[in-house]
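Presented below is the structure to which this report refers.
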Amino acid sequence: MNNYHSSIAILFKNQNTILLMKIKTSLLSIALLFSYFNLSAQSVNEVSEPNSDMNPALSIMTNTASSENHQTLLAGMRAADLEDILSYAGPFTVFAPSDSAFEKLTGNVIADLFLPDNKQELQALMTYHIIAGNFSASKILKAMCRGNGKATFTTVQGDELTATMDGVDIILTDQTGNSAKIIVADANQSNGVIHQIDTVISPGQL
């Protein structure tokens, strides 16, 4: 009888554990879905300012060239010989630091990266902001749902980038632990999508 009661108790305990896990997963999914709708609404409000000149019928490179908010990124892409790739190939997802994001870098980091001898480092930095495929904000959030709140993406540079949530914001964390927030999502391009971020990310220390 005692063994019977013990078995019943274990069964109920296991069922309660499974139920609790399902509840937690459902709550996480609801939270991420809520975050997506908030991010989408935020993007609609913000996209009219920095990305109003982006035409979804044109390429990533063409739209970046016409954006007043991404001139440093544009120069970096050109200096890293990414112009042809981002004009014709794809689809790609670009996490695009604004000019103000580049201004956060201290010292002569950007000037040094543009030196001919540092072209390889510049290419690594630029390609670390790009992943192959068209990943809208909703797809990134779905990947986080599958990963219990975290998703990793392999960049074109070859190293991984981690996406998590902070409130309603999607946060990208690089190999060195630095983080960037997506501040404008889903600027569609003919060969992918651009998400504007507020900080430059890197596969190594800048």
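Taking the Kirkwood radius as the inverse of the mean 1/r across Cα pairs, report the Rg/Rh of region 32-197. All intermediate terms of the calculation are to be shown ahead of the outcome.
On the way: Rg = 15.1 Å, Rh = 16.0 Å.
Value, to two decimals: 0.94.
Evaluate the charge dipole of region 32-197 about its Cα centre and quote only its size in Debye, nearest 20, assuming +1 on the Cβ of each Lys and Arg and -1 on the Cβ of each Asp and Glu. Spell out each step's value before the answer.
On the way: 8 positive and 18 negative charges, 125 e Å.
Value, rounded to 20: 600 debye.
Lys pairs in region 32-197, Cα-Cα under 16 Å, at least 8 apart or on separate chains: how many? Before the final figure, lay out the partial values.
Values: Lys104/Lys181; Lys139/Lys150; Lys142/Lys150; Lys150/Lys181.
Taking region 32-197 as the scope, the lysine pair count is 4.
In whole Å, how far is the Cα centre of region 146-183 from that of region 123-144?
Answer, in whole Å: 9.
How large is the direction-averaged shadow of the alpha-carbon convex hull of region 63-133, in nm²?
Details: hull surface 18.4 nm².
It is 4.6 nm².
Subtract the Cα-Cα distance of Leu115 and Ser138 from 0.36 nm times their separation in residues, and report this length gain in nm to one decimal. Mind dumping the intermediate values first?
On the way: separation 23, 0.36 × 23 = 8.28 nm, distance 3.80 nm.
Contour length minus Cα-Cα distance gives 4.5 nm.
So what J values fall out for region 99-105 if you push phi through Karplus, 6.51 cos²θ - 1.76 cosθ + 1.60 with θ = phi - 60°, rounded to Hz, Gly and Pro as x?
4, 5, 5, 5, 5, 5, 5
Going through region 102-188, which trypsin sites (Lys or Arg not before Pro) have at most 14 other Cβ atoms within 10 Å and a DSSP loop state? Numbers along the way, then the final one.
Details: sites: Lys104, Lys119, Lys139, Lys142, Arg146, Lys150, Lys181; in loops: Lys104, Lys150.
Qualifying residues, ordered by number: Lys104, Lys150.
For Asp198, list long-range residues whose amide hydrogen, built 1.01 Å from N in the peptide plane, is under 5 Å from its own amide hydrogen.
Lys181, Ile183
Coordinate-derived values only; no laboratory data. Values in this document were obtained by computation on a predicted structure and should not be read as measured data. Positions of Cβ are backbone-derived with ideal geometry, glycine not excepted, and every protein chain shown enters the neighbour counts.
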